[in-house]
Every structure is written in structure tokens, then in C-alpha cells.
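First the structure, in the form of C-alpha cells, and then the observations on it.
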Amino acid sequence: MAQTTQLTLDRWNGGTCPFGAGWRKLMMWWFIVTDGLLFAGFLVSYGYARILAIRWPDQAQVFSLKYIAVMTFVLISSSATMASAVDTARQGSRKTALRFVLLTLAGGAIFLGMQAYEWTHLIAEGARLNVNPWGDAAFTAYFFLLTGFHGTHVLTGLIVLTATAVRLAQGITTADGVEIAGLYWHFVDLVWVFIFTLFYLL
Amino acid sequence: MRLYWITWTILLAFTAVMLWADSATLPRTVFVVFMIAAMLTKASIIGGAFMHLRTERVELALTVVVGLLVTGTILFVLIAPDAARIHRMVSTYGPK
């Protein structure tokens, strides 16, 4: 019995911190899991709408894939700058970390601006939540739903990063705080990988 | 920090190859399998390198990854087909 208890303790080896992460980081991970499930639900329902659709538009004729590729490049780059911000914050270089957070903010703002332009362009061509000039109405419904929900996450990320930048400049935020903000930002990038592949390319 | 920029280069290379595959004339099944494999690889790279799941304790990494994968699979394999069946029933037998 004592041996089993000891084994369990060794296995978890964390006492009040069984995952080896602080409660703030752990809560961010649980948030990411639940939010990820929400996106999974959207993407699964999109998949079935796609399978059931009689005539799904050719994405290459609706979107400029080069434009979407640039958006992807910007978001991946912003993820790399965010990871660098976490790394430099861990090394105690607050000013460099702040520069990287600001670069990430710029990347996110460019991405969001490009998405807003893409929306404006499609709306000008007659696309609505329930109206699709290129075929199946589910196409535009899912386009606005998926990219809109993702865009809201990017916007939230920008707010979080702004707060992190301000607190970092004031010396309030620790490296852990930068890492937690970074986790959220990488999650936003991760979700885009799925949307980019499943909605724009497949 | 070097690791992150190597990761960035790999992610961009994957994206470029995916865009190339989109413009190439590959058989549909090959194209879909390739795209999904590339997508999951990119997601693993982001999760492992940028989100540090690679260096986190295995309990945390497994809880996150398995939790998402299992629930996603249940959604796709068990729940969504029923939703699609109801959709077909309504459009076939429902009020015209």
C-alpha cells in the first residue's frame, strides 16, 4: 500500500502541482483545450456540410490564394516572434522581450487588417451569411463563421498582447506572464493551420 | 531562440509545399491525404516547439493532445453522421 502510494507520488511528482505547471499556465492550457474543442465542433460540422453539399465552389476562384498565403506567412512569423519574446523574457532581457511582443502585435494587426479587407471584398461581391453568389450557401456561412470566430480570437490576442506589452514595459509581468500570453497566441496560429488547410486548400 | 526561427522556416516550407500541391494536378485522394498529413505535422510542430509541449511533463502533453484528438474523433465519427442523417431525413420527409 505504502509502496503504491509512493509510486503514485513519484509518478505525479508534483504534490499540489501534478502537471508540473503553475496554476495560471494550467488554466490557460485548459482554456486552450476547451476552445480547441469548440473549433473542432465548427470544423467537423463544416466537413459534413462540405460532404453533403451538391456544388461546393472552387476556392481558387473565390479567394486569392496568394493573399491568403501572405496572411499565413504573417501569422506564422508573429508566432515565431512571440516564441522569441518568451525566450528572451526567460533570459531576463525585458527590453528585447518587449520588442518581440510589439513585433507580434504588429503581425497580428496586419493579419486582422488583411482579414477585414478580405471580408469587405467578399461582401462587396454579394457574399452574406445566407447568400453565396458562387454556389452552396453553406460555403459563405462557414467562411464567415470560421474566419470570423478566428478573427475574434486574433483580436482578443491583440488585447492580451497589448496588456502584456504595457505590463512588461512597467516591469510588472514576469516571464511566466509572457509565456501564458504566448500560449494563447500560438493557439490562434495553430487554429489558422486547420482553417487554412481545410477551408482554403481542400 | 535559434530553434524558433528554424521552426519558422520549416513551417513556411510546409506552407509553400502545400500551396504547390494545391496548384499541381494530384489525384484527389492523394491530395487530401497529403494535405491532412501536412496540416497535422504543422500543428504538431507548433504545439511541440512554440507551445513547448515537447518539454512539458508528459502528463500535461498527453492530456492536451489525447483529449483534443479523442473528442475530435468522436465528434467526426459518431456525432456528425447522425446530424447529417437527420438533415437528410428532414429534407426528404419534412414539410415541403
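Examine segment A:153-170 for a residue that is over 21 Å from residue A:112 (Cα atoms), more than 13 Å from the chain's Cα centre (by Cα) and outside any helix (DSSP H, G or I), and state whether such a residue exists.
Looking through segment A:153-170, at least one residue is over 21 Å from residue A:112 (Cα atoms), more than 13 Å from the chain's Cα centre (by Cα) and outside any helix (DSSP H, G or I).
Could you give every pair whose Cβ atoms fall below 7 Å, whose first residue belongs to segment B:53-75 and is more than 9 Å from chain A (Cβ to nearest Cβ), and whose second residue is surrounded by 15 or more Cβ atoms within 10 Å (Cβ to Cβ) and in a helix (DSSP H, G or I), counting only separations of at least 6 or pairs across chains?
Filtered contacts from segment B:53-75: B:53/B:47; B:53/B:61; B:53/B:64; B:54/B:48.
Show the residue pairs meeting these rules: Cβ distance below 7 Å; 6+ apart or different chains; first residue within segment B:21-44 and exposed (fewer than 13 other Cβ atoms within 10 Å of the Cβ); second residue assigned to a loop (DSSP other than H, G, I, E, B) and among the polar types (S, T, N, Q).
Hits for this filter: zero, empty list.
Could you please let me know if residue B:77 is loosely packed, with under 12 Cβ neighbours inside 10 Å and closer than 28 Å to residue A:54 by Cβ?
Details: loosely packed, with under 12 Cβ neighbours inside 10 Å: yes; closer than 28 Å to residue A:54 by Cβ: yes.
Considered against the rule, which asks whether it is loosely packed, with under 12 Cβ neighbours inside 10 Å and closer than 28 Å to residue A:54 by Cβ, residue B:77 comes out as yes.
For residues in segment B:76-90 being hydrophobic (A, V, I, L, M, F, W, C) and within 10 Å of chain A (Cβ to nearest Cβ), which is nearest to residue B:2 (Cα to Cα)? Before you say what the answer is, go through the steps one by one.
From segment B:76-90, those hydrophobic (A, V, I, L, M, F, W, C) are B:76-80, B:83-84, B:86, B:89-90; that's our starting set.
With within 10 Å of chain A (Cβ to nearest Cβ) added as a condition, the list becomes B:76-77, B:79-80, B:83-84.
Values: B:76: 38, B:77: 40, B:79: 43, B:80: 42, B:83: 47, B:84: 47 Å.
Step by step, filter segment B:76-90, then rank; the result is B:76.
For the structure I just gave you, tell me whether residue A:165 is surrounded by 15 or more Cβ atoms within 10 Å (Cβ to Cβ) and over 23 Å from residue A:109 (Cβ atoms).
Answer is no for this residue.
Every residue in segment B:1-20 that is surrounded by 18 or more Cβ atoms within 10 Å (Cβ to Cβ) and farther than 30 Å from residue A:89 by Cα, please. Break it down into steps so the answer makes sense when it comes.
Taking segment B:1-20 and keeping what is surrounded by 18 or more Cβ atoms within 10 Å (Cβ to Cβ), we get B:4, B:7-8, B:11, B:15, B:18-19.
Answer for segment B:1-20, where residues must be surrounded by 18 or more Cβ atoms within 10 Å (Cβ to Cβ) and farther than 30 Å from residue A:89 by Cα: B:18, B:19.
Could you pull out the residue among B:21, B:83 that is farther than 27 Å from residue A:185 by Cβ and over 18 Å from the mean Cα position of the chain (by Cα)?
None of the others qualify; the one that does is B:83.
Residues in segment A:45-67: is at least one of a type in the set (Val, Ile, Thr), within 10 Å of chain B (Cβ to nearest Cβ), in a helix (DSSP H, G or I) and closer than 19 Å to residue A:196 by Cβ? Can you show your working first?
Within segment A:45-67, the subset of a type in the set (Val, Ile, Thr) is A:51, A:54, A:62.
The next check asks that each one be within 10 Å of chain B (Cβ to nearest Cβ); those that pass are A:51.
Narrowing further to those that are in a helix (DSSP H, G or I): A:51.
Filter again for closer than 19 Å to residue A:196 by Cβ, leaving none.
No, segment A:45-67 has no match at all.
Of all residues in segment A:101-122, count the ones that are touching a Phe, Trp or Tyr at 6+ places or on another chain (Cβ under 9 Å) and either closer than 24 Å to residue A:178 by Cβ or β-branched (Val, Ile, Thr) (or both).
Adding up the residues that qualify gives 3.
For every residue, the table says whether it meets (1) at pLDDT 95 or above; (2) β-branched (Val, Ile, Thr).
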{"site": "A:99", "(1), (2)": "yes, no"}
{"site": "A:137", "(1), (2)": "no, no"}
{"site": "A:144", "(1), (2)": "no, no"}
{"site": "A:158", "(1), (2)": "yes, no"}
{"site": "A:174", "(1), (2)": "no, yes"}
{"site": "A:181", "(1), (2)": "yes, no"}
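Being crowded, with 23+ Cβ neighbours inside 10 Å and either at the interface with another protein chain (Cβ under 10 Å from one of its Cβ atoms) or under 26 Å from residue A:148 (Cα atoms) (or both) is the filter here, so list the residues in segment A:86-104 that pass it.
The initial filter retains those residues of segment A:86-104 that are crowded, with 23+ Cβ neighbours inside 10 Å, namely A:86, A:89, A:97, A:100-101, A:104.
Once the filter is applied, which keeps residues that are crowded, with 23+ Cβ neighbours inside 10 Å and either at the interface with another protein chain (Cβ under 10 Å from one of its Cβ atoms) or under 26 Å from residue A:148 (Cα atoms) (or both), segment A:86-104 yields A:86, A:100, A:101, A:104.
To keep it simple, each residue is scored yes or no on (1) touching a His at 6+ places or on another chain (Cβ under 8 Å); (2) among the acidic types (Asp, Glu); (3) not in a helix (DSSP H, G or I).
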site: B:11; (1), (2), (3): no, no, no
site: B:21; (1), (2), (3): no, no, no
site: B:25; (1), (2), (3): no, no, yes
site: B:44; (1), (2), (3): no, no, no
site: B:48; (1), (2), (3): no, no, no
site: B:56; (1), (2), (3): no, yes, yes
site: B:61; (1), (2), (3): no, no, no
site: B:66; (1), (2), (3): no, no, no
site: B:74; (1), (2), (3): no, no, no
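Residue-wise test of (1) in contact with a Lys or Arg (Cβ under 6 Å, 6 or more places away or on another chain); (2) farther than 30 Å from residue B:86 by Cα; (3) aliphatic (A, V, I, L, M).
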| site | (1), (2), (3) |
| --- | --- |
| A:65 | no, yes, yes |
| A:81 | no, yes, no |
| A:99 | no, yes, no |
| A:109 | no, yes, yes |
| A:114 | no, yes, yes |
| A:119 | no, yes, no |
| A:132 | no, no, no |
| A:135 | yes, no, no |
| A:142 | no, no, no |
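Report yes if some residue within segment A:71-82 is more than 7 Å from chain B (Cβ to nearest Cβ), on the phi < 0 side of the Ramachandran plot, part of a loop (DSSP other than H, G, I, E, B) and surrounded by fewer than 21 Cβ atoms within 10 Å (Cβ to Cβ); otherwise report no.
So the first thing to find is which residues in segment A:71-82 are more than 7 Å from chain B (Cβ to nearest Cβ), and the list is A:71, A:74-75, A:78, A:81-82.
Filter again for on the phi < 0 side of the Ramachandran plot, leaving A:71, A:74-75, A:78, A:81-82.
Filter once more, keeping what is part of a loop (DSSP other than H, G, I, E, B): none.
No; the residues of segment A:71-82 include none that is more than 7 Å from chain B (Cβ to nearest Cβ), on the phi < 0 side of the Ramachandran plot, part of a loop (DSSP other than H, G, I, E, B) and surrounded by fewer than 21 Cβ atoms within 10 Å (Cβ to Cβ).
The values are calculated or read from the model by the stated rules, or taken from the named source; none is laboratory data. Given the structure is predicted, the values throughout are model-derived calculations rather than measurements. All Cβ positions, glycine included, derive from the backbone under ideal geometry; neighbour counts span all protein chains shown.
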